[in-house]
Structure formats: C-alpha cells, structure tokens
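Here's the structure we're looking at; comments come further down.
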Amino acid sequence: MRANYKQESNVPENLVTAIHRAASYSPNSVDKDAAILQSVCQSLRALGCKVVECGEDDLLPIDESQTYVTMGRSSRMLRLLENRERQGALVVNSPAGIRLCCHRSALEMLLRRSGIPLPEAASGLGYWLKRGDAPSQNPADVVYASNRQELEGRKADFLQRGITDVVVSPHVEGDLVKFYGVEGTAFFHVCYPYDDGQSKFGDEVRNGRPHRYGFNRETLHRVAERAAQTAGVVVYGGDAIVRSDGSFCIIDLNDWPSFSRCRDEAAPVIAGRVIQLMK
C-alpha cells in the first residue's frame with residue numbers, strides 16, 4: 001500500500017500515519033497482521049483522527065505526522081521513526097521496544113534481570129533453539145531438540161545459515177496459552193491456541209491438548225504488563241506455559257501481534273490508548 005499524500009504546510013494535529021508490516025516479517029500471518037492495523041485505523045477515524053495507511057517499504061509521509069502507529073520492523077523504518085521521536089513525535093510501538101522484541105537474546109536477558117518468570121534449568125524434556133538476532137521469519141528460526149546432542153546439531157545448522165546469536169530454552173511441560181494486551185488498560189485476552197488450530201509454524205502441538213490447569217489470570221496479566229513495560233511496548237502479545245501446579249513462565253513476548261482471536265475487542269482499545277498518549 002503506497003500512500004498518495006501531498007505535503008502541506010499546515011499538518012493537522014490529529015493526523016496519524018499507520019505503517020503496515022512487510023510480508024517478510026509476517027510469516028503465515030500477512031492478512032491477519034493487515035486486518036488488525038486496518039481495524040485500529042477505523043477506530044482512530046471514528047475518534048476523529050485523519051489516518052494515512054502505508055507499508056513499511058513504501059515512500060512515506062514520514063516528516064508530516066506527529067503520531068505514528070506502526071507494525072513495521074525493518075531497520076530503515078525504525079531509523080526513520082527514531083528520528084521522528086527525537087523531533088517530538090509519538091510512535092506506538094516505540095522503535096526501541098520493537099528492536100528489543102525482535103532481538104530475542106537481548107530481550108530474554110532484560111526480562112530475566114527484571115524478574116519476569118522465564119524457563120529455568122534443563123528439564124530433561126528437550127530444548128527450544130531460536131535465532132536471537134531477529135524475529136522468526138520461517139520454521140527454521142525456531143526448532144526443537146530432544147537432547148543435548150541434537151541441540152548441538154541444530155546449532156550447527158544455524159551457524160551454516162550465518163546465525164551466531166541464538167537463545168536456548170528448556171522445554172517446559174504444561175498448557176500453552178497465548179495472551180494479548182494493551183499496556184495501561186484493562187484489556188487482556190488469554191486463550192489456548194490448540195482450541196482453534198491457528199498456528200504460525202505448528203510448534204504449539206509439542207505441548208499437546210491442554211489440561212486447562214487452574215492459574216491466576218490477574219497474576220498473568222500483571223506479569224505480562226510488567227514484561228511489556230520492561231520491553232517498552234504498548235501493544236503486545238506473547239506465550240506462557242502454565243504448569244500443573246498453576247505456576248507459569250513466559251516463553252515469548254511480541255511487539256504488536258495480529259490479535260486475530262480478539263481483533264474486534266482489541267482494536268478500539270488500542271486506538272483509545274493511542275489517543276490517550278497523544279493527549
């Protein structure tokens with residue numbers, strides 16, 4: 001989507017530029033990612049904003065808006081938006097937060113230092129290996145290894161692809177749950193991905209059918225909110241494993257997911273939060 005926008009001397013204060021994520025950063029989720037941003041744009045227009053939509057690879061009206069809502073992840077886009085931030089513009093999510101969420105090894109280090117519950121010592125149930133220098137773009141970027149020997153082989157595969165920055169996490173047994181949130185609001189959606197079969201790479205099946213172990217949803221919300229604030233993102237999502245005793249650990253945190261399971265509820269909340277931050 002290319003924005004046809006003529007530069008004006010008097011830019012309205014309620015102008016918002018909405019930047020769609022490039023297909024390369026939306027593996028198996030292009031339509032879903034586009035849909036949530038379009039829904040947010042509709043909500044912003046309903047609240048009185050003038051919204052220009054474009055793709056992160058397009059020629060943008062980057063010097064015009066004072067507010068940007070972005071799902072973009074390219075280095076070029078983040079550099080442009082960082083410059084606009086320095087000039088006083090509001091960017092949601094912030095370029096720094098997006099960079100951190102895309103740099104898995106740095107994100108894990110920061111969350112661990114901040115006391116966010118993450119997978120701990122080896123469990124004997126295998127390992128997950130993820131590229132640590134960039135967001136996952138294909139199934140080869142997130143792989144399972146059943147033992148240490150297989151893990152070393154997987155690392156060698158990553159090395160052959162030129163990936164030296166990796167994150168190794170022990171597999172945690174329990175219910176896999178996905179969560180979606182908007183920082184600073186009461187919105188928090190939790191679901192079991194096994195129920196609807198939606199999956200980016202199919203890795204969710206490793207934990208199998210959920211037992212629906214009891215857990216404190218409010219506690220998970222507080223922890224997820226703290227993780228998002230630590231990472232510096234307003235619109236966020238992620239994954240957690242709920243163990244049989246009700247304890248949980250965060251295994252992933254993402255900047256601006258597709259919200260495909262709760263788009264209609266999330267979009268007006270995201271738009272409302274952007275308006276709050278604009279004021």
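For this structure, a couple of remarks:
- Once the Cα atoms are used to define both axes, helix 148-160 deviates from the longest principal axis of the chain by about 40 degrees.
- Where only DSSP H runs of four or more residues are counted, the chain gives -10500 deg cm²/dmol as its mean residue ellipticity at 222 nm, each run worth -39500 (n - 2.57).
- Inter-part distance where segment 36-95 and segment 262-279 are each reduced to a Cα centre, Å: 14 Å
- On Cα atoms only, tilt of 263-278 relative to the major axis of the chain in degrees: 60 degrees
- Stokes-Einstein D (µm²/s) once Rh is taken as the Kirkwood radius of the chain over alpha-carbon pairs, at 4 °C in 1.567 mPa s: 66 µm²/s
- Directionally averaged shadow of segment 43-112, computed from the convex hull of its alpha-carbon atoms, nm²: 5.6 nm²
- Rounded to 0.05, the FRET efficiency of the N28 and R79 pair, given R0 = 30 Å and the Cβ-Cβ distance, is 0.65.
- Selected from L44, G272, M109, residue furthest toward positive end of dipole (the chain; charges at beta carbon): M109
- 12 Å beta-carbon shell around F259, net charge (K/R +1, D/E -1): +1
- Sequence-distant contacts, meaning Cα pairs under 8 Å at least 6 residues apart, place the relative contact order of the chain at 21 percent.
- Taking the Cα centre of segment 47-155 as reference, the dipole from Cβ charges on Lys and Arg (+1) and Asp and Glu (-1) amounts to some 380 debye.
- Computed from point charges on the beta carbon alone (+1 for Lys and Arg, -1 for Asp and Glu), the dipole magnitude for the chain about its Cα centre is near 220 Debye.
- Whether segment 208-275 is rounded, prolate or oblate, judged on the alpha carbon gyration tensor where a/c under 1.5 counts as rounded: prolate
- The magnitude of the dipole of segment 102-255, with charges of +1 and -1 set on the Cβ of Lys/Arg and Asp/Glu and taken from the Cα centre, is near 160 debye.
- Where both bridge residues fall in the chain, DSSP classifies roughly 70% of the beta bridges as antiparallel.
- Using the Cβ of V269 as centre and a radius below 12 Å, the other residues enclosed give a net charge of -1, where K and R count +1 and D and E count -1.
- Helix axis angle, 217-231 relative to the chain longest principal axis, alpha carbon, degrees: 60 degrees
- Altogether, the Stokes-Einstein calculation at 20 °C and 1.002 mPa s, with the Kirkwood radius of segment 102-255 over Cα pairs as Rh, returns a diffusion coefficient of 134 µm²/s.
- Whole-number percent relative contact order across segment 42-120, with pairs defined as alpha carbons under 8 Å at least 6 apart: 22 percent
- The local environment of A228, defined by Cβ-Cβ distances under 14 Å, has a net charge of -2 under the rule Lys, Arg +1 and Asp, Glu -1.
Read-outs: derived from the displayed coordinates by stated rules, not from any lab. These numbers come from a predicted model, not from an experiment. Here Cβ is always computed from backbone atoms with ideal geometry, including for glycine, and neighbour counts include all displayed protein chains.
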